[in-house]
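Every number in this text was worked out from the coordinates using simple rules, so none of it is lab data. No experiment lies behind these values; they were computed from the predicted model shown. Don't worry about glycine lacking a Cβ; one is built from the backbone with ideal geometry, like all the others, and counts go over all protein chains shown.
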Amino acid sequence: MHAAPGDNLGVEKSVSRRSPAAPAGTTHPFRPGVLVVVTLGNPREKVWGMILELAPKGLSLSGADLASFEDIAAMVKEGEPFTPSVVFFPMHRIERVELDLSDGNLASLSHRFRAKTGLDPVDALSPHNIQHGREPYAASRSHASKERA
């Protein structure tokens, strides 16, 4: 399986553990703009999204509840507007943060989103549309291709 754009291509698959005082020039895999799956506790839930900021206080994320993934992909494919949730999770709720990467024949959520919608998940999850007062993200390219058909 080939990685698609928006499939965390800039992140190494096997990242060695680095101390908090890692040498200058090394990159942290959990940096702003990276797509992740977050497992939360109390209440237990999973969220797919883009890291906005990771700090000792918690994680800021632009994304959606994993339970809604299929519905969101279908909604975007049909041209419905989608606005990702911009949320902050305090560190005491975070159980696990994992990079959204493909694993063998199992496609990443980013790859599945692109395959279902034809759109880059980074664009769909970008909070820039919200910050600049733009309309919610819609699959206008899907509608345009349907209208040409």
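What spacing in nm lies between the two simple spin-label points modelled at HIS92 and SER68, each 7 Å away from Cα in the Cβ direction?
Here the answer is 2.6 nm between the modelled labels.
If you take the beta carbon distance between SER85 and ALA115 as r and set R0 to 25 Å, what does 1/(1 + (r/R0)^6) give as a FRET efficiency, to the nearest 0.05? Please list the in-between numbers first.
Working: r = 23 Å, r/R0 = 0.91.
Calculated transfer efficiency: 0.65.
Rank the residues ARG93, ARG44 as a footprinting-exposure proxy: fewest other Cβ atoms within 10 Å of their Cβ go first.
Details: ARG93 16, ARG44 9.
With the fewest neighbours first, ARG93, ARG44 line up as ARG44, ARG93.
Would you please state which residues of region 90-127 a label at ARG31 would reach in this model, taking the label point 7 Å out along Cα→Cβ and a backbone N cut-off of under 12 Å?
Under 12 Å, as judged by backbone N against the label point of ARG31, lies no residue of region 90-127.
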